[in-house]
Number of protein chains: 2
Amino acid sequence: MHVSILGSAAGGGFPQWNCACSNCRSLRNGSFSGKARSQLQVAISPDGQSWFLLNASPDIRCQIEACPSLHPRNGTRHTPISGILLTSADLDQVLGLLQLREFQPLTIRATASIRRILREDNSVFATLNRIPDQADWIDIVPGQPFQLSSGNAPLICHSFSLATHYPSYVSQERAARLVSAEASLGFMIDDQGRRLAYFPAVPDLDSQLLSTLGEADVILFDGTFWTDDELSSVRGGGPLAREIGHIPVSGPEGSLRKLAGLTNARRIYVHVNNTNPMLNESGPEYRQVRDAGWEVAEDGWQFTL
Amino acid sequence: MHVSILGSAAGGGFPQWNCACSNCRSLRNGSFSGKARSQLQVAISPDGQSWFLLNASPDIRCQIEACPSLHPRNGTRHTPISGILLTSADLDQVLGLLQLREFQPLTIRATASIRRILREDNSVFATLNRIPDQADWIDIVPGQPFQLSSGNAPLICHSFSLATHYPSYVSQERAARLVSAEASLGFMIDDQGRRLAYFPAVPDLDSQLLSTLGEADVILFDGTFWTDDELSSVRGGGPLAREIGHIPVSGPEGSLRKLAGLTNARRIYVHVNNTNPMLNESGPEYRQVRDAGWEVAEDGWQFTL
């Protein structure tokens, strides 16, 4: 399986447009020991020819242009992108869909609840169905595996229900009519026994999820926040990390400690928020992560497994 | 008045993600005699401190980062962007609003019909009103001038109703309950007698509009398509330019001929589609435009008037 990390930051990217925290400020003035990052976007392929996007970032246009594998190849209109899989209805995971219009046939897989939020509550998504056979939406049922591609050796995707909260733009009345287990997913994608875990938003790590992650060869895991109170401490206000669905990296209950036993897998933090001190490669937080055997994803990374 | 052209292409940008027309193909392989362009985005300021965005492109995140004048200056959270003016509900003009979230107070001016499409028919826009005093929507009434900024010498914006068709994602039933004169606007922005015309989508040029444009010192005008049948001739299918609200540049009824008398103004084509041959600086179309005294906007241009 080919894996391309086109973007690695949380919503807003790094730097974030209206943020002048020490990370963003020093990145802009050239003194930061670390890299700018666009919003999280991963693409996978069983053969290097046909690609599947994991979510659709608002930065997808530039991310596709930066990745020659995703450029059109045949005829005047073409894309090697065969499908898109959504883990949630978060804007930083779905807005890119609206940039993949231009009458291009697409297969979009999401839970029925996420599909309903996007298609029933948002007229802008009608732009993906201007012609027959344009966007084909296929429901993901959490727990039921499905195949990607129709080749001889398709990828098998297993989905795991993680969180029960919908994004803040979904009204409470609307959320009450949705299935809570369909709010947020993680994926384990299997290519003939080689497994990629894609878990960009994990509110909590229980023993069942630990066991699941133990089967992966590569883990792309929620690296949004370093501490639970990061937003309020850095910018003077904001919810706790766990309140918005992200277990912090550090601390006795953080992911670094909880996942310490998974030493057989390559472990990469993704969806890193602009405020996270582990972005600073000269800082103790980055050192702690690297010493624990973890990597912090960067835009443009590619690997196979 | 300070003017910054942050992006200059039509929807999809140049190159466009799923397009392999001769322009896009040769740009990607390095043989094109011309420049890549992000989607149209213009920012204006009366004083270089407080800025107003004309529309909100899907590329706004990178466009803000590329323009130091738009970076935060004071405190941990800040933006010098004082407001956003929308000319239409086209996705390439409004999607960027959803990237300007992060709890930032914003003033958004649009016609009541455009506001209703976005806020009533699309739950995702609730993300701009997560806290009190976040997005403040102010109605534009076509023909009624309004002030931008509260300084001693505010900019005065005049709006002109141009087209009566709403974007394709707006259902016919919905459109029937909207005001057709509120579908698409052009702006004339006046800074103590110096005037910028912003007309990125013009379906037709009548004598009244010609007279209006004659009062401008700088004209940013619809340069989407070279010919009326450009989409069908380049990629084998698609509507006519005029059918989707764009007068072509060339031909006896094109804008180059019709606006030939406006020699006192600086005249710049914007919103240039990836298929437009005038993007090729070695081609006869580009030469024809330049010989007629017009310019083809490029990302990053800045000027004052």
Subject >> Members of segment B:101-120 found to be over 20 Å from B:GLY186 (Cβ atoms) and surrounded by fewer than 23 Cβ atoms within 10 Å (Cβ to Cβ), listed by number >> reply: B:GLU102, B:PHE103, B:GLN104, B:PRO105, B:LEU106, B:THR107, B:ARG116, B:ARG119, B:GLU120
Original post:
Can you pull out the residues in segment B:72-100 that are farther than 28 Å from B:GLY143 by Cα, in contact (Cβ under 8 Å) with a residue 24 or more places away in the chain and open to solvent by 40 Å² or more (accessible area, probe 1.4 Å)?
Top reply: B:ARG77
Subject >> Breaking point among (1) at pLDDT 95 or above; (2) surrounded by fewer than 20 Cβ atoms within 10 Å (Cβ to Cβ); (3) part of a loop (DSSP other than H, G, I, E, B), for A:HIS246 >> reply: (2)
Subject >> Pair list, Cβ under 7 Å, 6 or more apart: segment B:1-19 residue closer than 12 Å to B:LEU220 by Cβ and away from every other protein chain (no Cβ under 14 Å), other residue open to solvent by less than 10 Å² (accessible area, probe 1.4 Å) and assigned to a loop (DSSP other than H, G, I, E, B) >> reply: B:SER4/B:CYS67; B:ILE5/B:ALA297; B:SER8/B:LEU40; B:SER8/B:ALA297
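Results for (1) within 14 Å of another protein chain (Cβ to nearest Cβ); (2) of a type outside the set (A, V, I, L, M), shown as yes or no for each residue.
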position	(1), (2)
A:GLY96	yes, yes
A:ILE117	yes, no
A:PRO132	yes, yes
A:PRO154	no, yes
A:ALA163	no, no
A:PRO200	no, yes
**OP:** Report yes if A:ASP59 is at the interface with chain B (Cβ under 8 Å from one of its Cβ atoms) and not hydrophobic (A, V, I, L, M, F, W, C), otherwise no.
**Re:** yes
**OP:** Collect the residues in segment B:49-71 that are open to solvent by less than 20 Å² (accessible area, probe 1.4 Å) and outside any strand (DSSP E or B), keeping them in residue-number order.
**Re:** B:ASN55, B:ALA56, B:SER57, B:PRO58, B:ASP59, B:ILE60, B:GLN63, B:ILE64, B:CYS67, B:LEU70
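Mind checking which strands (runs of 3 or more DSSP E) fall wholly inside segment A:139-242 and carry at least 1 residues that are open to solvent by 60 Å² or more (accessible area, probe 1.4 Å)? Even if it seems obvious, please write down each step before you answer.
Numbers: elements: A:146-148, A:155-163, A:184-191, A:194-199, A:218-222.
Result: A:146-148, A:155-163, A:194-199.
Are any of the residues in segment B:36-44 surrounded by fewer than 20 Cβ atoms within 10 Å (Cβ to Cβ) and not basic (Lys, Arg)? Give the derivation first.
Start the filter on segment B:36-44 by keeping residues that are surrounded by fewer than 20 Cβ atoms within 10 Å (Cβ to Cβ), which leaves B:36.
From what's left, not basic (Lys, Arg): B:36.
Yes, segment B:36-44 contains a residue that is surrounded by fewer than 20 Cβ atoms within 10 Å (Cβ to Cβ) and not basic (Lys, Arg).
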**OP:** Those residues that are at pLDDT 95 or above and among the small types (Gly, Ala, Ser), I need them from segment B:215-243; list them, please.
**Re:** B:ALA216, B:GLY223
Original post:
Is it the case that segment B:22-41 has a residue that's touching a Leu at 6+ places or on another chain (Cβ under 8 Å), modelled with pLDDT of 95 or more and closer than 15 Å to B:GLY96 by Cα?
Top reply: yes
Subject >> Enumeration of residues in segment A:75-116 that are of a type in the set (Asp, Glu) and part of a helix (DSSP H, G or I) >> reply: A:ASP92
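Do the conditions hold for A:TYR269, that is, is it under 27 Å from A:ILE44 (Cβ atoms), open to solvent by 20 Å² or more (accessible area, probe 1.4 Å) and at pLDDT 95 or above? Quick ask: steps written out before the conclusion?
Numbers: under 27 Å from A:ILE44 (Cβ atoms): yes; open to solvent by 20 Å² or more (accessible area, probe 1.4 Å): no; at pLDDT 95 or above: yes.
Spelling it out, it is not the case that A:TYR269 is under 27 Å from A:ILE44 (Cβ atoms), open to solvent by 20 Å² or more (accessible area, probe 1.4 Å) and at pLDDT 95 or above.
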**OP:** Tell me which residues, restricted to segment B:123-136, are surrounded by fewer than 20 Cβ atoms within 10 Å (Cβ to Cβ) and in a strand (DSSP E or B).
**Re:** B:ASP136
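State whether the residues of segment B:71-78 include one that is more than 25 Å from A:TYR166 (Cβ to Cβ), more than 10 Å from every other protein chain (Cβ to nearest Cβ) and modelled with pLDDT of 95 or more.
Here is the first cut: in segment B:71-78, the residues more than 25 Å from A:TYR166 (Cβ to Cβ) are B:71-78.
Adding the requirement that they be more than 10 Å from every other protein chain (Cβ to nearest Cβ) leaves none.
Checked against the condition, which is being more than 25 Å from A:TYR166 (Cβ to Cβ), more than 10 Å from every other protein chain (Cβ to nearest Cβ) and modelled with pLDDT of 95 or more, segment B:71-78 yields no hits at all.
Can you tell me which residue within segment B:20-40, out of those that are under 13 Å from the mean Cα position of the chain (by Cα) and within 13 Å of chain A (Cβ to nearest Cβ), is farthest from A:PRO68 (Cα to Cα)?
Quick first cut of segment B:20-40, residues under 13 Å from the mean Cα position of the chain (by Cα) only: B:38-40.
Retained after the next criterion (residues that are within 13 Å of chain A (Cβ to nearest Cβ)): B:38-39.
Values: B:SER38: 18, B:GLN39: 20 Å.
That would be B:GLN39.
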**OP:** Could you check how many residues of segment A:20-33 are open to solvent by less than 20 Å² (accessible area, probe 1.4 Å), in contact (Cβ under 8 Å) with a residue 24 or more places away in the chain and in a loop (DSSP other than H, G, I, E, B)?
**Re:** 1
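The values are calculated or read from the model by the stated rules, or taken from the named source; none is laboratory data. Bear in mind that the values here come from a model prediction, so they are computed numbers and not experimental data. Positions of Cβ are generated from backbone atoms using ideal geometry, with glycine treated the same way; all protein chains shown enter the neighbour counts. SASA here: full protein model, heavy atoms, side chains in, ligands and nucleic acids out. Shrake-Rupley method; radii C 1.70, N 1.55, O 1.52, S 1.80 Å.
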